[in-house]
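Undergrad: Below you will find the structure I want to go over with you.
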Amino acid sequence: MLHVKNDSPRLKEEFRKLLKENNPLAKLIVDLYHYIGDQFNKDTIITMIYRTQDEQDAIYSGNARYDKKPWTSPHQYWHGVDIRSWLFTDREIDQIVEYLNDKYNKSNYYGWTAKCHKVARGAIHFHIQYYENL
């Protein structure tokens, strides 16, 4: 099932807005939901869609590189979605990343679509970024 973290009203509204702001990314997330369900019989849980500059600063402040030269995130442009990863084995994580990158990298402005990584506060998650190259 496609879920949002903590049944968040904000994330539910943001997913509805993502359908307008970046429909190809919303379709990719629905595709991922079907892939995960078919391959692993597990849920897909969205943990982040849109991020403000204040939220970006709160996540990365204290990082020396960020403090010296702050960067923006694809989330700030409706180009990113984070998915909970701790539900998956290392092998499943590798398969999911490979599936998304194989299927979407060629049409992606960013050149790569998915990775599983640790962010500033230590949380590990899938980061998916997509903006369709037309």
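Undergrad: Can you find, within segment 14-61, the residue that is nearest to the chain's Cα centre (by Cα) among those that are of a type in the set (Ser, Thr, Tyr), crowded, with 17+ Cβ neighbours inside 10 Å and not in a loop (DSSP other than H, G, I, E, B)?
TA: It comes out as 47.
Undergrad: Let me ask something else. Could you tell me which of the residues 128, 83, 93 is within 17 Å of residue 38 (Cβ to Cβ), under 11 Å from the mean Cα position of the chain (by Cα) and surrounded by 15 or more Cβ atoms within 10 Å (Cβ to Cβ)?
TA: Only one candidate passes the filter, namely 83.
Undergrad: Could you tell me whether segment 64-76 includes any residue that is farther than 23 Å from residue 14 by Cα, in contact (Cβ under 8 Å) with a residue 40 or more places away in the chain and in a helix (DSSP H, G or I)?
TA: Among the residues of segment 64-76, at least one is farther than 23 Å from residue 14 by Cα, in contact (Cβ under 8 Å) with a residue 40 or more places away in the chain and in a helix (DSSP H, G or I), which makes the answer yes.
Undergrad: I need the full set of residues from segment 99-125 which are buried (at least 16 other Cβ atoms within 10 Å of the Cβ), free of Cβ contacts under 8 Å to residues at least 60 places away in the same chain and either in contact with an Asp or Glu (Cβ under 6 Å, 6 or more places away or on another chain) or part of a strand (DSSP E or B) (or both), in order please.
TA: Across segment 99-125, the qualifying residues are 108, 114, 116.
Undergrad: On to the next question. From the list 14, 21, which one is in contact with a strand residue (DSSP E or B) (Cβ under 9 Å, 6 or more places away or on another chain), at pLDDT 95 or above and of a type in the set (Asp, Glu)?
TA: Exactly one of 14, 21 is in contact with a strand residue (DSSP E or B) (Cβ under 9 Å, 6 or more places away or on another chain), at pLDDT 95 or above and of a type in the set (Asp, Glu), namely 14.
Undergrad: Residue 108 fails exactly one of the following numbered conditions: (1) farther than 13 Å from residue 131 by Cα; (2) out of contact with any helix residue (DSSP H, G or I) (no Cβ under 6 Å at 6 or more places or on another chain); (3) among the polar types (S, T, N, Q). What is the number of that condition?
TA: (1)
Undergrad: May I ask you to list the residues in segment 80-98 that are out of contact with any strand residue (DSSP E or B) (no Cβ under 8 Å at 6 or more places or on another chain) and either in a helix (DSSP H, G or I) or under 18 Å from residue 4 (Cβ atoms) (or both)?
TA: Listed by number, the residues that qualify are 88, 90, 91, 92, 94, 95, 98.
Undergrad: Additional query: Which residues, counting only those in segment 36-55, are out of contact with any strand residue (DSSP E or B) (no Cβ under 6 Å at 6 or more places or on another chain), under 24 Å from residue 97 (Cα atoms) and in contact (Cβ under 8 Å) with a residue 12 or more places away in the chain?
TA: 37, 39, 40, 42, 50, 51
The values are calculated or read from the model by the stated rules, or taken from the named source; none is laboratory data. Nothing here was measured: the structure is a model prediction, and the numbers come from that model. Cβ coordinates were reconstructed from backbone atoms using ideal geometry, including for glycine residues, and neighbour counts include every protein chain displayed.
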